[in-house]
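These notes concern the structure reproduced below.
The values are calculated or read from the model by the stated rules, or taken from the named source; none is laboratory data. Note that the structure is a prediction, hence the values are computed from the model and not measured. Here Cβ is always computed from backbone atoms with ideal geometry, including for glycine, and neighbour counts include all displayed protein chains.
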Amino acid sequence: MTLWAPLGFLALFFLYPLAAILGESFQRAGGTPFAPFFDLLADPYYLDRIGFTFWQATLSTILTLAVGLPSAYAFARHNFLAKTLLRSLITVPFVMPPIVMALGFVALLGPQGALNALLVGLFSLEEPPFHMMNTLAIILLAHVVYEYAIVVRLVSTFWSNLDPRLEASARVLGAGPWTAFYRVTLPLLMPAIGAAAALVFLFTFTSFGVVLILGGSSYATIDVSIYTLAMKLFRLPLAAALAIVQIALTFLVMLVYARLQEATATRIELAPQAATPPGLPRRRGYLLLGGVSLAVFIVVSPLLALVVRSLFPATGEAGLSLAGFSAISSNERNAFFFVSPLMAIRNSLTFALLTTLISLPLGTAAAYILARSRGWWRSPVDALLMLPLGTSSVTLGLGFLLGFDQPPFDLRATWVIIVLAHSLVAYPFVLRSVLSTLRAMDPSLREAARTLGATPLAVFRLVELPLIWRGLLVGATFAFAVSIGEFGASLILVRPEYTTMPLAIFRYLGQPGGQNLTEALAMTTLLMVVTAAGFLIIERLRPRGTAEF
Amino acid sequence: MPRPLTALTALLLAAVLLAACAAPTPPPAVELVLMTHDSFDISKEVIAQFEKANNAKVTILKAGDAGEALTLAILSKDNPPADLFFGVDNTFLGRALAEQVFTPYRSPLLEKVPEKFRLDPTNHVMPVDYGYVTVNYDRKWLSDRGLAPPATLEDLTKSEWKGRLAVQNPATSSPGLVFLLATIVQFGETGDYTYLDFWRDLKADGVLVKDGWSTTYYTDFTLYGGDRPLVVSYTTSPPAEVFFSEGKYTEPPTGNILGKQASFLQIEGVGILKGTKREALAKKLVDFMMDTTFQKDIPSHMFVFPTNQDAPLPDFFRFAESPESPATIHPVTIAENRERWIDAWTNAMLK
């Protein structure tokens, strides 16, 4: 029965609000519920948006895998300086609000940015030669920067538990290094690569802010169109039809993915990390490390640009200044909506902690359902469990607004709804990162322990938990990040006392003037520091008596 | 039932319980709830003054930008989460009235508001503030190149401004929509050269369309590292630049295009949500928001003009230019044509 807890959660907090908003929307259509679908299909504009959404998500996923997989190898198989710190840093972009990321890109690649300044200076040019802002290229680059960590962390975690002797045996038997990788390691890695690819695809498929802010209005995705139709043009029937199309497409893609995953999962003997060869690779490896350093640099550089911008503000005297940090800490104008940094940090951390605590058991239970059960319904259930991640935040936000508006369940403007909304988007990360390990685990391990008299709880604690622990930590990292980054919850009524760091940043950037920008950048720097610290703490969590696996 | 899963469920329950204890709790008090958009702000003392005088606790719920907030208010009208809503402007008034979210109230303070700022003849929404949307230009960028600022909207299609203008999508942005209305007044819908002809010319000249004001201003405007010295914003943005410069500027670094009907008047108001249980107190808050204490505090928190003509303006608002002949269209006319105009614009510019 407990198996069904995640499905109950999904039904109550996803399907029910979904039905509430879709019902309301179609009711407004009058006529038949099919009319909005015909309107949608009759307009080539929306068909174009659907095509573009697929296209950019596929392209972004391929690019992210191409950039991320070599790095995943380096993180899994080699030791290098500050590895743990780097692993945290590359995950920080994941929580950056897109508008903030845009500010970082402007400082680096914008018309007056560092790269153009360098080129203009070197070649004494009149006009900046490099144009990348407001193009498809910058959208794709931003997606790689955002999702890189998903590929690196999910794949490297799984990879570091693969027994290196498997590949070594292939080499002994005469396979070249590439053949051994291609024929032995890659097939074994497929569940982890697939899990990362699915998450990246879903995230870019529902890309909203990045596309809106970096690309401009001509690059609208399905998510952007749903938002515009529902929130701005108030054409709810059309928005609802498009939302259903989005959900249906997500479901189909995830169904295909789930089928493929079941086909590629291989039971293997997982090796502890200590068995993987550490140390710097031989000569050939320097090329790899060079490439990986470049990838890490590209991913982290917008963050560095933001920190630099926050320390050298556009206002007041030129030069290094902490003006932004002191400005956000004092309420000079005695504004009603002043948000102290401490309050914003406390709120963000509280919500992120609660989201993580809810997502871990939820995602793990869901992973158990999928790993243990047999039957035709397993793939559909898998796809269903992933749906919240592929659903527009507008659909979710409005669903909550309509679904939970009656006492005693009037959850509007409460903290509960914030945490629930975050958890819906967060638990799929736990599910995917735990499931690949669960499926690889040999069932005889469990059976042996049971035969030797261990209770199911003891089996879980002593046998399974140590094996899935690192997957759990990766899941926890992203659950924490999803919440800190406010994904999907920006359209919910918020009481001022629940203002989080990203919300505070949006507020600053809502008014013109250098000081507002400086304050937004100072808050952004705090957001980075708090997030990186959170990631580092999560990495160090380990149940007592469990060795590093 | 496998026991590990029982443990997981227990953990889930524990997490929810822990959540209940750990989360910040709002102070328990009988409260008057005002729903509004992200840009709303005012001094603490001003709110405190109202609370003290009326033994009330004012809670302010923010719900995204003006358009988003109104959508949430409409969708929750059967069971409103607030007593009042602030932030309906002349471009959204028609939608709010058609959806019947407000209960009418004519504040006696409406007498203090000049006729041209009285937003709603049906008295469902009382005017609180106003401003003008126009094109801001980067003074330094222009003077470095020896260029004179464009004087009128027609000037924007001149060759020197090719690839230099950034605007917001009227379908998603409030200043974007208001600017579209300015072009409709200026060029009309019929004749040799309609507003759509003007927009097609802008498109041919490489106008940049973004979805929101913050992005255009902070990433595309030359003042903040972009390559667009002309950006659609408010006539009060230049004084805000001085106000928020920490002494760097004594004169605004940006200017306004104010030539014939280049700017459009935007009026914003507050209304009492239908279904409130505290209508008498809500009426008092409407009066309070229209009275001088609140009104004179508006410019330095929201950077728009107070509608009450008795409210004095702060010193830095001497840089806030008021156009002599701003464009306007009656809210009813806007409501009737809004979708059609936005669709026509979207077809011309984005499809």
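Among all positions in region B:106-125, there is no residue which is over 14 Å from B:Ile257 (Cα atoms) and within 14 Å of chain A (Cβ to nearest Cβ). Residues that are touching a Leu at 6+ places or on another chain (Cβ under 8 Å), within 14 Å of another protein chain (Cβ to nearest Cβ) and under 27 Å from A:Leu411 (Cα atoms) are absent from region A:37-52. Of all the numbered requirements in (1) under 22 Å from the mean Cα position of the chain (by Cα); (2) away from chain B (no Cβ under 14 Å), A:Gly30 misses one, and that requirement is (1). Only a single item in (1) within 13 Å of chain B (Cβ to nearest Cβ); (2) of a type outside the set (A, V, I, L, M); (3) under 24 Å from A:Leu353 (Cβ atoms) is not met by A:Arg446, and it is number (3).
Of the candidates B:Ser233, B:Ser245, the single residue that is in a loop (DSSP other than H, G, I, E, B), facing chain A (nearest Cβ under 7 Å) and out of contact with any His (no Cβ under 9 Å at 6 or more places or on another chain) is B:Ser245.
Evaluation of B:Asp201 against the conditions (1) within 13 Å of chain A (Cβ to nearest Cβ); (2) surrounded by fewer than 24 Cβ atoms within 10 Å (Cβ to Cβ); (3) in contact with a helix residue (DSSP H, G or I) (Cβ under 8 Å, 6 or more places away or on another chain) shows that the sole unmet condition is (1). Could you identify the single residue in B:Ala335, B:Ala311 that is in contact with a helix residue (DSSP H, G or I) (Cβ under 7 Å, 6 or more places away or on another chain), outside the structural domain of B:Gln100 (by TED's automatic domain parsing) and hydrophobic (A, V, I, L, M, F, W, C)? Result: B:Ala335 is the single residue among B:Ala335, B:Ala311 that is in contact with a helix residue (DSSP H, G or I) (Cβ under 7 Å, 6 or more places away or on another chain), outside the structural domain of B:Gln100 (by TED's automatic domain parsing) and hydrophobic (A, V, I, L, M, F, W, C). Scanning region B:289-314 for residues that are within 14 Å of another protein chain (Cβ to nearest Cβ), touching a Lys or Arg at 6+ places or on another chain (Cβ under 9 Å) and surrounded by fewer than 17 Cβ atoms within 10 Å (Cβ to Cβ) turns up just one, B:Pro314. Of all residues in region B:132-147, none are crowded, with 19+ Cβ neighbours inside 10 Å, in contact with a Gly (Cβ under 7 Å, 6 or more places away or on another chain) and not assigned by TED's automatic domain parsing to the domain that holds B:Val167.
Of the helices (runs of 4 or more DSSP H) contained entirely in region A:298-414, those carrying at least 2 residues that are β-branched (Val, Ile, Thr) fall at A:341-372, A:393-403. Of all residues in region A:270-287, those that are under 17 Å from A:Val155 (Cα atoms) and at pLDDT 65 or above total 4. The residue that is surrounded by the most Cβ atoms within 10 Å (Cβ to Cβ), among those in region A:324-354 that are modelled with pLDDT of 90 or more and within 8 Å of chain B (Cβ to nearest Cβ), is A:Leu354. Candidates A:Leu536, A:Leu473: the one that is more than 20 Å from A:Leu431 (Cα to Cα), more than 14 Å from chain B (Cβ to nearest Cβ) and modelled with pLDDT of 85 or more is A:Leu536. Each residue in region A:442-461 was checked for being touching a residue at least 60 places away in the same chain (Cβ under 8 Å) and surrounded by fewer than 15 Cβ atoms within 10 Å (Cβ to Cβ), and 2 of them qualify. Within region A:67-80, the presence of a residue that is free of Cβ contacts under 8 Å to residues at least 60 places away in the same chain and of a type in the set (D, E, K, R) is excluded.
The residues listed here are A:Thr525, A:Thr546; of these, the one that is assigned to a helix (DSSP H, G or I), hydroxyl-bearing (Ser, Thr, Tyr) and either at pLDDT 90 or above or surrounded by fewer than 22 Cβ atoms within 10 Å (Cβ to Cβ) (or both) is A:Thr525. Is it the case, given these coordinates, that A:Ala149 is crowded, with 16+ Cβ neighbours inside 10 Å and under 30 Å from A:Leu472 (Cα atoms)? So A:Ala149 fits the description; yes. Within region A:70-85, the residues that satisfy the criterion of being modelled with pLDDT of 90 or more and surrounded by fewer than 20 Cβ atoms within 10 Å (Cβ to Cβ) are A:Pro70, A:Leu85.
For region B:197-215, the condition holds for at least one residue, the condition being that it is assigned to a helix (DSSP H, G or I), touching a Phe, Trp or Tyr at 6+ places or on another chain (Cβ under 6 Å) and touching a residue at least 24 places away in the same chain (Cβ under 8 Å).
From the list A:Thr179, A:Thr157, the lone residue that is assigned to a helix (DSSP H, G or I), touching a residue at least 12 places away in the same chain (Cβ under 8 Å) and of a type in the set (S, T, N, Q) is A:Thr157.
Applying the condition of being over 23 Å from the mean Cα position of the chain (by Cα) and touching a residue at least 60 places away in the same chain (Cβ under 8 Å) to region A:463-474 and asking which residue is farthest from A:Tyr368 (Cα to Cα) yields A:Pro466.
For the condition within 25 Å of B:Glu339 (Cα to Cα), more than 23 Å from the chain's Cα centre (by Cα) and among the polar types (S, T, N, Q), B:Thr172 does not qualify. When you check A:Ser207 against the structure, is it surrounded by fewer than 19 Cβ atoms within 10 Å (Cβ to Cβ), closer than 30 Å to A:Arg49 by Cα, at pLDDT below 90 and hydroxyl-bearing (Ser, Thr, Tyr), yes or no? Judged against the criteria, A:Ser207 is not a match. Among the candidates B:Pro81, B:Pro108, the residue that is in the same structural domain as B:Met302 (by TED's automatic domain parsing), without any contact (Cβ under 8 Å) to a residue 60 or more places away in the chain and out of contact with any Pro (no Cβ under 7 Å at 6 or more places or on another chain) is uniquely B:Pro81. Tallying residues that are at pLDDT 90 or above and surrounded by fewer than 18 Cβ atoms within 10 Å (Cβ to Cβ) within region B:242-252 yields 2.
The single condition among (1) within 28 Å of A:Gln511 (Cα to Cα); (2) crowded, with 21+ Cβ neighbours inside 10 Å; (3) at pLDDT 90 or above that A:Ser310 does not satisfy is (3).
Could you list, in sequence order, the residues of region A:493-512 that are within 8 Å of chain B (Cβ to nearest Cβ) and either touching a residue at least 24 places away in the same chain (Cβ under 8 Å) or within 23 Å of the chain's Cα centre (by Cα) (or both)? A:Leu493, A:Val494, A:Arg495, A:Pro496, A:Glu497, A:Tyr498, A:Phe506, A:Arg507, A:Leu509, listed by residue number. Residues of region B:216-230 that are more than 7 Å from chain A (Cβ to nearest Cβ) and assigned to a loop (DSSP other than H, G, I, E, B): B:Pro229 alone.
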